[in-house]
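The values are calculated or read from the model by the stated rules, or taken from the named source; none is laboratory data. Just so you know, these numbers come straight off a predicted model, no measurement behind them. Neighbour counts are summed over all protein chains in view; Cβ atoms, including those assigned to glycine, are modelled from backbone coordinates with ideal geometry.
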Amino acid sequence: GAVVSQHPSWVICKSGTSVKIECRSLDFQATTMFWYRQFPKQSLMLMATSNEGSKATYEQGVEKDKFLINHASLTLSTLTVTSAHPEDSSFYICSARVASGGPSTDTQYFGPGTRLTVL
Amino acid sequence: DAKTTQPTSMDCAEGRAANLPCNHSTISGNEYVYWYRQIHSQGPQYIIHGLKNNETNEMASLIITEDRKSSTLILPHATLRDTAVYYCIVDNYGQNFVFGPGTRLSALP
């Protein structure tokens, strides 16, 4: 149980284009989902927290107009990187928080990640 | 900043127990200790978490000191597949994880 999927697993795009990444909780409902970014040889950095049906909360230094987050249902959140540039190339990882009823409550389960390369 | 400190790296012999320490001297009363691991180019995998009692599951055991200022993750029989970066995190109910650099565990044949 507590499986989180991400799609796509990797994407290459041209500078200036937009890329959408999907995050789904497959066997549980997640009222809260999180988006992280990880640069090579670094740890995960939280970008934003999203609650179903409300606006995402962004961490300091993360541009909300560049990283658009939509959490339209209890099982799906999307991250859109708008006007991507080479410095946005990174490993993007989502997680979903099991608030109740899951195999292990009050913890986060992570997706497999999406590697974005902007040329 | 992360609220935990861990050794940068550790080696363990395949088949032996791996004991990964974590210091969290500023932990507050309602914060849990969580352990995750990240195998190269994958998302973090949940291992175990606990509040104050020792915990055990099919993957590992978590030993938390009585004062809760430190803990140890025990992998009972390490294999090459356990080679990963292990993260120790303290947090209230999984709402605000801050990842430190973790411990890079290398299981050696």
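Select from the range A:11-64 the residues that are closer than 16 Å to A:S90 by Cα and polar (S, T, N, Q) and list them in ascending order. Correct list: A:S15, A:T17, A:S18, A:Q38, A:Q42, A:S43. Here A:F28 fulfils each of the conditions (1) at the interface with chain B (Cβ under 10 Å from one of its Cβ atoms); (2) surrounded by 18 or more Cβ atoms within 10 Å (Cβ to Cβ) apart from (1).
Let's see how each residue does on (1) within 14 Å of chain A (Cβ to nearest Cβ); (2) within 10 Å of the chain's Cα centre (by Cα); (3) closer than 30 Å to A:A48 by Cα; (4) modelled with pLDDT under 95:
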{"residue": "B:S71", "(1), (2), (3), (4)": "no, yes, yes, no"}
{"residue": "B:I89", "(1), (2), (3), (4)": "yes, yes, yes, no"}
{"residue": "B:G94", "(1), (2), (3), (4)": "yes, no, yes, yes"}
{"residue": "B:V98", "(1), (2), (3), (4)": "yes, no, yes, yes"}
{"residue": "B:A107", "(1), (2), (3), (4)": "no, no, no, yes"}
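Specify the residue that is nearest to B:T8 (Cα to Cα); the eligible residues are those in the range A:32-44 that are surrounded by 16 or more Cβ atoms within 10 Å (Cβ to Cβ) and in contact (Cβ under 8 Å) with a residue 12 or more places away in the chain. It comes out as A:L44. Of the candidates B:Y87, B:Y46, the single residue that is in a strand (DSSP E or B) and more than 23 Å from B:A13 (Cβ to Cβ) is B:Y46.
If the condition is being of a type in the set (A, V, I, L, M) and part of a loop (DSSP other than H, G, I, E, B), then the range B:49-84 contributes B:L51, B:M59, B:A60, B:A78. Quick check on my filter: what residues within the range B:33-60 are modelled with pLDDT of 95 or more and among the basic types (K, R)? Once the filter is applied, which keeps residues that are modelled with pLDDT of 95 or more and among the basic types (K, R), the range B:33-60 yields only B:R37.
Right, B:I27: closer than 28 Å to A:V3 by Cα, among the hydrophobic types (A, V, I, L, M, F, W, C) and either in contact with a Lys or Arg (Cβ under 9 Å, 6 or more places away or on another chain) or outside any strand (DSSP E or B) (or both) or not? Against the criterion (closer than 28 Å to A:V3 by Cα, among the hydrophobic types (A, V, I, L, M, F, W, C) and either in contact with a Lys or Arg (Cβ under 9 Å, 6 or more places away or on another chain) or outside any strand (DSSP E or B) (or both)), B:I27 does not qualify. Exactly one residue out of A:S77, A:S73 is more than 14 Å from chain B (Cβ to nearest Cβ), closer than 19 Å to A:H7 by Cα and over 13 Å from the mean Cα position of the chain (by Cα): that is A:S73. Within the range B:62-97, restricting attention to residues that are in contact with an Asp or Glu (Cβ under 7 Å, 6 or more places away or on another chain) and either free of Cβ contacts under 8 Å to residues at least 60 places away in the same chain or surrounded by 16 or more Cβ atoms within 10 Å (Cβ to Cβ) (or both), which residue is farthest from B:N23 (Cα to Cα)? Top of the filtered list is B:A78. For the range B:24-67, the set of residues classified as among the small types (G, A, S), facing another protein chain (nearest Cβ under 10 Å) and under 17 Å from B:S106 (Cα atoms) consists of B:S41 only. Would it be correct to say that A:L68 is aliphatic (A, V, I, L, M) and farther than 17 Å from A:S9 by Cβ? Taking the combined requirement at face value, the residue satisfies it.
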